[in-house]
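Single-structure report; data block below.
The values are calculated or read from the model by the stated rules, or taken from the named source; none is laboratory data. The shown structure was predicted, so the numbers you read here are calculated from the model rather than taken from an experiment. Positions of Cβ are backbone-derived with ideal geometry, glycine not excepted, and every protein chain shown enters the neighbour counts.
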Amino acid sequence: MKNFRLLTITHKTANINHIGQYIPTVNSDPKALATRLHQIKEHFQMEELLYMATCNRLTFFFIREEPSTENFVLDLFSRLHPGIPIHCLGGVQDVIARYNGVDCVRHLFEVAASLDSLVVGEREILRQIREAYEFCQQEKLSGDQIRLIMKMAIPTAKEVYTRTKIGENNVSVVSLAVLQMLQHEPPKDAKFLVIGAGQTNALVIKLLGNKGYSNFTIFNRSLKKATYLASQVNGKAYTLDQLSEYQQPFDVLICCTRADRPTITDEVYQQIIGKDTQTKIIVDLGVPGDVHPKVVQNNEVHYVEIESLRRLAEENLARRMNEVEAASEIVGERIEEFRQNVRQRRVERALATIPSKVKGVSDRALNGVFKKEIQSLDPTSKELLERVVSYMEKKYISIPMMVAREVVEEELNREKEEKK
Ligand SMILES: NC(=O)c1ccc[n+]([C@@H]2O[C@H](COP(=O)([O-])OP(=O)(O)OC[C@H]3O[C@@H](n4cnc5c(N)ncnc54)[C@H](OP(=O)(O)O)[C@@H]3O)[C@@H](O)[C@H]2O)c1
């Protein structure tokens, strides 16, 4: 595990509004993202790579001999963002957290279990980490070692959610955003303009529906998704291109897409607001933000974005503190188990060479050392001899595997006893 390295920018190290600037523009284009990550992996001679970008973190976990120096971090980010002058990325060293060795594994387990989330107890992160892993696995960025980590991180997170009450009441970034938005008391017949029809906005609409809101007009890059989401709530669907021509009044603007720049520029906002002077509520959950800062500066709006959820997030954390302690204990136990798995896997890998070696000995005996004598045998004796050799090959192969497993188990039991 000594070559395990993790670099991350999270809500703990940076203002969430700034995290988006470190997420590469290719993030929403899986093919281009995979190409970029392969270039990075190859250039820095990483054995394996796991990449994850969510609404409150950007994470690289990789296996590499060299430690992650400041220059390395800068080099990595300039390769992640080709075309951006190096001085614009200079601040990255101030917002990045670095982990090495087993601490990387601990961090990934804690992330999966939502212990490192802005909203502790949210389950969304489990889906995100799983999707990030599946992407890296399909693209052959990750390999056996990351597979071992994920094989344990995901069940550990599920165990945390089932054995503790950390995920009680389905808390999430979205639920806190809706809560904060409701503090501005939109009327029950409020008209919602929804920009983006992805999973996040689907959840926003579901929660609003539960609160009795029902007037939704949905705009999305592709009409198909907008239509689907609108059909769930009896709403109207349009493409994003039609937004600037939309002239109907609205009360709340909900924005969340994966676009790499604001979909709601001041110009677009002026077009949709027309002569309406009433204060609007804007909820912007995109990372980077979907609403240009000028919209907030130049207009009468109540603005809800992820960074502004910190106070509610802290209140949420305070309510779940006991559960966090219980969850950390579970993570600690699973880290120990993971260490054992790594050892076992190392032994298995070393032992994986045994079958071909044993086969080599048999081949040499049959076709070299005893070739002449075997040639003089009758067919029945020859066949018997081959069966005996094949039988012994299999047995010889299984013996060291069994012994090694027993030795590893004994060693682990001894360690456990010593710790008691
Ligand atoms: N999941 C969470 O808990 C959570 C919470 C807060 C914020 N967020 C943030 O929300 C954002 C969206 O996440 P998601 O899970 O909802 O994503 P998603 O399900 O993949 O949906 C992405 C949405 O963005 C649209 N989109 C993608 N690229 C676009 C572009 N270049 N221009 C305009 N629209 C574009 C997609 O339109 P098409 O249908 O046409 O592809 C789709 O509506 C991310 O930045 C994420 O970090 C997520």
Within the stretch 197-230, the residues that are near the ligand (Cβ under 9 Å from one of its atoms) and assigned to a loop (DSSP other than H, G, I, E, B) are Ala197, Gly198, Arg221, Ser222
Within the bounds of the stretch 187-195, is there any residue that is in contact (Cβ under 8 Å) with a residue 60 or more places away in the chain, surrounded by 23 or more Cβ atoms within 10 Å (Cβ to Cβ) and within 11 Å of the ligand (Cβ to nearest atom)? yes
Going through the stretch 173-197 in order, the residues found to be modelled with pLDDT of 95 or more and within 24 Å of Leu223 (Cβ to Cβ) are Lys191, Phe192, Leu193, Val194, Ile195, Gly196, Ala197
Condition first: closer than 30 Å to Arg147 by Cα and among the hydroxyl-bearing types (Ser, Thr, Tyr). Can you find one or more residues in the stretch 370-388 that meet it?
no
Checking Glu323, Glu307, Glu373 in turn, the sole residue that is among the acidic types (Asp, Glu) and without any contact (Cβ under 8 Å) to a residue 24 or more places away in the chain turns out to be Glu373
Subject >> Residue in the stretch 338-355 that is of a type in the set (Phe, Trp, Tyr) and over 20 Å from Val102 (Cβ atoms) present >> reply: no
Reported set for the stretch 377-405 where residues are farther than 14 Å from Leu351 by Cα and among the hydroxyl-bearing types (Ser, Thr, Tyr) is Thr380, Ser381, Ser390, Tyr391
### Message
Would you confirm, using the coordinates I've provided, whether Arg163 is closer than 29 Å to Arg311 by Cα, surrounded by fewer than 17 Cβ atoms within 10 Å (Cβ to Cβ) and within 16 Å of the ligand (Cβ to nearest atom)?
### Response
no
